[in-house]
1. Looking at the stretch B:278-301 only, could you name the residues that are more than 16 Å from B:Asp330 (Cα to Cα), open to solvent by 20 Å² or more (accessible area, probe 1.4 Å) and touching a Lys or Arg at 6+ places or on another chain (Cβ under 7 Å)?
2. Of the residues in the stretch A:31-69, how many are exposed (fewer than 14 other Cβ atoms within 10 Å of the Cβ) and assigned to a loop (DSSP other than H, G, I, E, B)?
3. If A:Glu361 passes every condition in (1) without any contact (Cβ under 8 Å) to a residue 60 or more places away in the chain; (2) closer than 13 Å to A:Gly386 by Cα but one, which one does it miss?
4. Looking only at helices (runs of 4 or more DSSP H) that lie completely in the stretch B:169-265, which have at least 3 residues being over 18 Å from B:Leu416 (Cα atoms)?
5. Could you go through the stretch A:95-117 and let me know if any residue there is away from ligand 3 (no atom under 16 Å from the Cβ), modelled with pLDDT under 95 and away from chain B (no Cβ under 14 Å).
6. Determine which member of the set A:Ser312, A:Ser316, A:Ser328, A:Ser279 is within 27 Å of the chain's Cα centre (by Cα) and within 30 Å of B:Ala359 (Cα to Cα).
7. Would you call A:Ser180 among the polar types (S, T, N, Q) and either within 16 Å of ligand 2 (Cβ to nearest atom) or within 30 Å of A:Val232 (Cα to Cα) (or both)?
8. A:Asn369 - would you say it is within 14 Å of chain B (Cβ to nearest Cβ), in contact (Cβ under 8 Å) with a residue 40 or more places away in the chain and either more than 20 Å from A:Leu158 (Cβ to Cβ) or more than 14 Å from the chain's Cα centre (by Cα) (or both)?
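The values are calculated or read from the model by the stated rules, or taken from the named source; none is laboratory data. The structure displayed is predicted, hence computed values, not measured ones. All Cβ positions, even for glycine, are placed from backbone atoms using ideal geometry, and neighbour counts span all protein chains on display. Side chains included, ligands, DNA and RNA excluded: accessible areas come from the protein's heavy atoms. Shrake-Rupley method; radii C 1.70, N 1.55, O 1.52, S 1.80 Å.
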Amino acid sequence: MKPSTVKINKMPSRFKHQVPKYKVTRSDACINCGTCAKTCPYGVHERSEGHNKVKPPIDYKCIGFECQSKDFCCITKCPRKALSLSLNPMYNTLGDPRWTADMITGTWIMAETGYPPERTDLDYNVGNSGGGFDKLRFKFPAKPAKVDKAEISTAIPLNRRKDGRADVVISTPVYGGGMSFGSVSLSTMVSKAHNATIWNTFTCTGEGGFPDILKPYCDHVITQVATGLFGVREETIQRVKIVELKYAQGAKPGLGGHLLGEKNTEAVAKMREAVKGTSLFSPFPFHSVYSIEDHKKHIDWIKAVNPTALLSVKVSTPNDVDMVAVGSYYAGAHIIHIDGGYGGTGAAPDIAKKNIAMPIEYAITKVHNFLKAEGVRDAITLIASGGIRTAHDLAKAICLGANGAVIGTAELVALECVRCGNCESGRGCSRGIATTDSVLADLFDEKWATQRLTNMYNAWNVQLVDILQKFGMHDVSELVGRTDLLEHIDYSH
Amino acid sequence: MPKKYHITPKPAPLDMDYVFKFTIVRGENCINCGKCIKVCIYEAHKRRTDDPRKMADPNTVVCRNCFRCIQECPRGALEKSINKDYSNIGGAFWKPDILMSLWKQAEDGNVPVSGAGYRGPFTGIGFDSMWTDMSEIVRPTRDGIHGREYINTGVDLGSKLNHLTFDSNGQLISVVPETIDLPFPILFDITAYKLSLHVKEAILKAASVIQTCLIIPVTEITPELEKHSDNIIPSLASTDIDKHEAILKKARLVAIDYSDAMLKDFQALKEKIKKHNHALTIVRVPAVKNVEEIVAKLTQNGAEIIQIVADYRGQEINESSGKDGRLLKDIIRAIHSRLVEDKIRDSVTLVASGGIGMAEHVPKAMLCGSDLTAIDIPLLVALGVRVFEEPQKLLVFPEGLDKIPSRKLTQRIVNLMGAWHSQILEMMGAMGIREARRLRGESGRAIFFEEIDRESFGKLFKKEKR
Ligand code: SF4
Ligand code: SF4
Ligand code: SF4
Ligand code: SF4
Ligand code: SF4
């Protein structure tokens with residue numbers, strides 16, 4: 001059920017052209033008759049008044065091979081057979097095995113329209129990584145119980161301890177990950193918080209402090225307390241409903257953070273309560289935490305400062321992630337947030353991103369089963385992140401045992417990130433997302449970004465509801481741990 | 001605290017034709033409006049110097065694939081594709097991205113860093129099918145990487161005793177065998193390549209700068225190279241020992257090619273070397289099918305150091321096994337567990353070589369059970385060499401390599417090793433292991449794809465056999 005604050009409006013790309021999947025080639029045989037311009041309903045061929053030549057085809061508007069069965073298809077209608085259709089080599093330069101070009105394009109369409117793509121030529125739900133989520137498929141029953149979509153609830157409670165602290169319920173089982181002040185543009189940061197408010201869910205400050213511009217959204221912002229304790233003050237802990245203790249992050253598990261001196265500008269330094277221009281290290285781990293008992297002291301400290309807030313503990317995925325999760329439960333956490341090794345948005349050493357810690361898919365089952373065996377699974381919320389790219393990944397993560405997920409990259413892709421990976425080199429993101437460069441950070445405004453995010457969250461919710469309906473379920477909580485509803489394309493056949 | 005081992009990088013760009021990943025072509029419908037100049041923050045688009053009304057060809061070497069010029073050109077006049085040179089270099093093991101990353105590391109000595117999460121496949125073959133563990137709570141800190149604590153990458157070469165024996169007065173009666181320390185778990189090995197003296201000298205000097213040794217055929221050791229005799233490990237056949245007395249006299253380590261005859265009489269071989277010198281012996285054993293058998297026997301016969309030599313892609317050397325041959329990861333694991341079973345693991349030092357191509361392969365090979373590694377191709381790639389796997393192995397040396405000042409070539413190798421050293425520290429730091437010696441065989445700190453996938457997804461999804 002989506003909150004009444006959610007309004008879907010079309011919010012097109014900021015750019016003149018999209019990245020084309022197909023290439024329409026016009027050969028020298030063309031006699032400029034104009035037939036193609038008249039027949040193509042998508043505006044691929046343009047002939048402007050006064051010109052007797054047809055303009056070069058605008059590839060990205062073409063719907064591709066499925067058009068060939070339509071009676072308006074220009075390829076068949078051209079009297080000179082001057083047109084041909086092929087895959088555009090440019091498409092191969094977009095994306096990678098984890099985030100394929102189809103997945104990026106699909107996410108862009110969701111952010112633009114608010115719904116899953118109508119096009120049938122995009123394989124946007126699974127990637128091409130050859131493992132993990134990309135090998136799992138849903139086993140939908142042939143005759144599910146009849147459920148009306150309007151009756152399906154996607155809301156999840158985050159406080160399952162029933163310890164008298166706030167009963168926080170989010171309307172869709174997904175929220176935004178921490179991206180710190182200074183690592184992304186203000187429009188990006190504010191739009192994430194604004195969208196979290198619209199969707200009645202959350203976003204997180206990251207470790208760079210809590211800027212005042214996020215104050216209007218503080219009921220939907222998680223204050224992160226990371227090892228550097230940058231910008232953490234009593235009031236930033238007191239003004240929120242959830243406080244997250246960050247031990248590690250999936251992109252660079254075990255490595256802490258490092259903000260280069262040149263990125264520590266006046267504004268960043270002020271927010272972090274640090275000296276401008278100095279390199280800022282977030283050590284790993286908390287230097288005051290060498291055991292679960294120490295960890296509990298931290299949680300108790302936050303609980304004392306804010307008597308109603310929920311406590312989330314964010315950890316990465318080592319071999320013993322299951323023990324860490326149980327330890328966090330006993331230390332008093334409400335949410336255990338596990339961040340798998342393949343995710344992350346900020347800059348990190350390539351060697352760490354690829355090699356350190358296990359992928360989230362394994363960690364979810366491991367933690368879910370261990371918490372169950374310990375008899376505490378129902379008293380803690382398990383949130384997965386680090387490689388949740390699509391609504392299908394989200395639903396699969398829930399089937400594996402998570403209650404919900406945190407996303408980062410998908411939000412950036414909604415803002416037209418192309419995953420080029422240049423976020424932290426030179427002036428930062430040339431597309432204006434992960435940058436604070438005065439010119440680049442102004443490439444889009446908060447209104448555009450918020451609507452794009454709201455649209456994408458809606459498309460995900462539509463897909464999730466669709467999946468639940470196909471399983472004949474009324475509530476997303478029925479899906480938790482239902483590995484029997486999944487199959488693995490290697491093992492199950 | 002021991003003196004900190006540090007490798008100092010210095011920018012050392014080569015003036016060569018760079019391979020780049022993308023090609024951008026400006027179509028004829030360009031109206032020279034200059035929009036692309038404005039939007040490309042990497043300056044790939046410029047006007048022609050001779051005729052500023054027109055656009056020059058895009059300089060795609062600098063392109064970072066941000067798509068802005070593509071999406072903002074009012075005419076849609078720009079087309080981008082994957083560069084042919086890029087897709088042609090390397091192969092299934094030496095992926096183009098690996099080569100490009102090595103070139104970059106050799107140029108600036110920095111740890112490769114990028115944003116936007118991991119981009120590759122979920123898992124792969126060999127070392128790509130394992131992850132390293134990290135410690136969530138209790139572990140030495142990142143300070144180890146940035147200076148306050150010390151993470152030691154040093155290893156020893158030589159045999160160690162299983163236990164010490166004391167007499168009734170508490171006096172040590174065991175004879176503790178001699179070992180040689182290296183501050184960094186990498187040896188250089190150029191035995192498989194014919195290189196010019198200029199290049200050999202540059203590599204040897206780099207070995208001396210980072211305090212490691214170069215394994216080089218004894219016949220190639222010229223007086224110029226002998227200046228660095230401390231860093232030379234002459235390699236030769238056991239039958240040639242007496243021929244090279246002068247060189248052997250100076251060596252701290254000698255590498256002998258394995259032959260079956262050694263299995264019977266390894267002691268005699270050692271005696272023969274001892275006649276000239278007290279050098280420790282490295283036996284270079286090709287990674288053939290029954291290599292664990294050979295290694296176990298050699299160890300029992302007193303071999304102190306054994307180098308396992310896989311092919312240049314880290315595969316087993318075995319004509320008949322073809323694609324089914326084992327990869328270095330599994331070869332090392334098999335040898336290590338065999339030696340552990342035989343209770344002789346500590347009597348020998350294992351050097352893993354062949355297909356060590358990236359920094360991550362070093363600690364991974366050690367977690368699998370080797371004490372250190374030896375590298376060859378990365379040294380050459382640092383000098384700008386291009387590797388091709390198809391249709392067959394081919395190394396293409398940059399033109400004019402011999403005219404590039406040797407200092408610069410040396411610095412490039414030093415840079416690459418500096419970048420690897422920093423990356424190895426990152427991995428050790430994450431694992432919470434402060435001593436490289438402790439990496440050996442610590443498979444508990446590794447996560448193997450086959451094992452974890454079987455344990456979790458295999459158990460969940462495998463159909464019951466009926
Ligand atoms: S229909 Fe064919 S001949 Fe006519 S303008 Fe188009 S491409 Fe040219
Ligand atoms: S193939 Fe169809 S969509 Fe594409 S240009 Fe022709 S008519 Fe338009
Ligand atoms: S630099 Fe590239 S990867 Fe990073 S946010 Fe911008 S578009 Fe995305
Ligand atoms: S933006 Fe397009 S039309 Fe303008 S100069 Fe560049 S390539 Fe030419
Ligand atoms: S894609 Fe981006 S980096 Fe590459 S040339 Fe165009 S604007 Fe420059």
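1. Hits for the stretch B:278-301: nothing passes.
2. From the stretch A:31-69, those exposed (fewer than 14 other Cβ atoms within 10 Å of the Cβ) are A:31, A:34, A:38, A:41-43, A:48-53, A:66, A:68-69; that's our starting set.
With the extra rule that they be assigned to a loop (DSSP other than H, G, I, E, B), the set shrinks to A:31, A:34, A:41-43, A:48-53.
Total satisfying the criteria: 11.
3. (1)
4. Numbers: elements: B:197-209, B:223-226, B:245-250, B:261-264.
The helices (runs of 4 or more DSSP H) meeting that bar are B:223-226, B:245-250, B:261-264.
5. So in the stretch A:95-117, the residues away from ligand 3 (no atom under 16 Å from the Cβ) come out as A:102, A:106, A:109-110, A:112-117.
Okay, now just the ones that are also modelled with pLDDT under 95, so none.
Within the stretch A:95-117 (the criterion being away from ligand 3 (no atom under 16 Å from the Cβ), modelled with pLDDT under 95 and away from chain B (no Cβ under 14 Å)), the answer is no, since none of the residues qualifies.
6. Details: A:Ser312 fails: within 30 Å of B:Ala359 (Cα to Cα); A:Ser328 fails: within 30 Å of B:Ala359 (Cα to Cα); A:Ser279 fails: within 27 Å of the chain's Cα centre (by Cα).
Matching residue, one of A:Ser312, A:Ser316, A:Ser328, A:Ser279: A:Ser316.
7. Details: among the polar types (S, T, N, Q): yes; either within 16 Å of ligand 2 (Cβ to nearest atom) or within 30 Å of A:Val232 (Cα to Cα) (or both): yes.
When the stated conditions are applied, A:Ser180 passes them.
8. Numbers: within 14 Å of chain B (Cβ to nearest Cβ): yes; in contact (Cβ under 8 Å) with a residue 40 or more places away in the chain: yes; either more than 20 Å from A:Leu158 (Cβ to Cβ) or more than 14 Å from the chain's Cα centre (by Cα) (or both): yes.
Against the criterion (within 14 Å of chain B (Cβ to nearest Cβ), in contact (Cβ under 8 Å) with a residue 40 or more places away in the chain and either more than 20 Å from A:Leu158 (Cβ to Cβ) or more than 14 Å from the chain's Cα centre (by Cα) (or both)), A:Asn369 qualifies.
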